[in-house]
1. How many residues are touching a Lys or Arg at 6+ places or on another chain (Cβ under 9 Å) and open to solvent by 60 Å² or more (accessible area, probe 1.4 Å) if we restrict to the stretch 62-84?
2. Going by what's in this entry, would Glu59 be described as surrounded by 13 or more Cβ atoms within 10 Å (Cβ to Cβ) and part of a helix (DSSP H, G or I)?
3. Can Thr61 be described as modelled with pLDDT under 95 and not aromatic (Phe, Trp, Tyr)?
4. Sort out which residues of the stretch 68-109 are over 19 Å from Gln47 (Cβ atoms) and in contact with a Gly (Cβ under 9 Å, 6 or more places away or on another chain), and write them in order of number.
5. Run down Arg102, Arg64, Arg90, Arg75 and say which single residue is in contact (Cβ under 8 Å) with a residue 24 or more places away in the chain, part of a helix (DSSP H, G or I) and of a type in the set (Lys, Arg).
6. What's the number of the only condition in (1) in contact with an Asp or Glu (Cβ under 8 Å, 6 or more places away or on another chain); (2) not in a loop (DSSP other than H, G, I, E, B) that Asn41 fails to meet?
7. Would the stretch 39-48 turn up any residue that is farther than 17 Å from Arg106 by Cβ, at pLDDT below 95 and surrounded by 10 or more Cβ atoms within 10 Å (Cβ to Cβ)?
8. When only residues in the stretch 106-116 that are of a type outside the set (Gly, Ala, Ser) and open to solvent by 100 Å² or more (accessible area, probe 1.4 Å) count, which is farthest from Asn36 (Cα to Cα)?
Amino acid sequence: MNVRTASLVFSMSVCAVSASAQSPATTTADPHATVNQRLENQRDRIQAGRQDDQLTRGEATRLRADDAAIRAQERVYRRANGGTLTKGERRQLNRELNHTSRQIHRDRHNNRKPKS
């Protein structure tokens, strides 16, 4: 092997080792944080909608109840599985979060004004 080929092989192996040495936290997201972060974001969006008068009190109350139901369902799932979510449970929670997120958008953009 000549020097050039040997240095190429060496540099490729160094790159491969450094790529595999990354911590798992940087490559995978914590599912617990993901569901909670989405619920927090939706709570903030509902609050902003109330402050901007884009949501009526009733709309905001219903949306908060939807989020509370999702949070309660997550707790039930986690208690049943020792603190973790199965892939199917995570998928179901994300479907419900997506539905609520779309509803927040619809309610904030329906031009309905709170009673003065």
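The values are calculated or read from the model by the stated rules, or taken from the named source; none is laboratory data. Please read these numbers as outputs of a predicted model, since none were measured by experiment. Glycine also receives a Cβ, built like all others from the backbone with ideal geometry; neighbour counts cover every protein chain displayed. These accessible areas exclude ligands, DNA and RNA; they are computed on the full protein's heavy atoms, side chains included. Shrake-Rupley method; radii C 1.70, N 1.55, O 1.52, S 1.80 Å.
1. Residues flagged as touching a Lys or Arg at 6+ places or on another chain (Cβ under 9 Å) and open to solvent by 60 Å² or more (accessible area, probe 1.4 Å) within the stretch 62-84 amount to 2.
2. yes
3. No.
4. none
5. Result: Arg90 is the single residue among Arg102, Arg64, Arg90, Arg75 that is in contact (Cβ under 8 Å) with a residue 24 or more places away in the chain, part of a helix (DSSP H, G or I) and of a type in the set (Lys, Arg).
6. (1) is the only condition that Asn41 fails.
7. For the stretch 39-48, residues farther than 17 Å from Arg106 by Cβ, at pLDDT below 95 and surrounded by 10 or more Cβ atoms within 10 Å (Cβ to Cβ): absent.
8. Lys115
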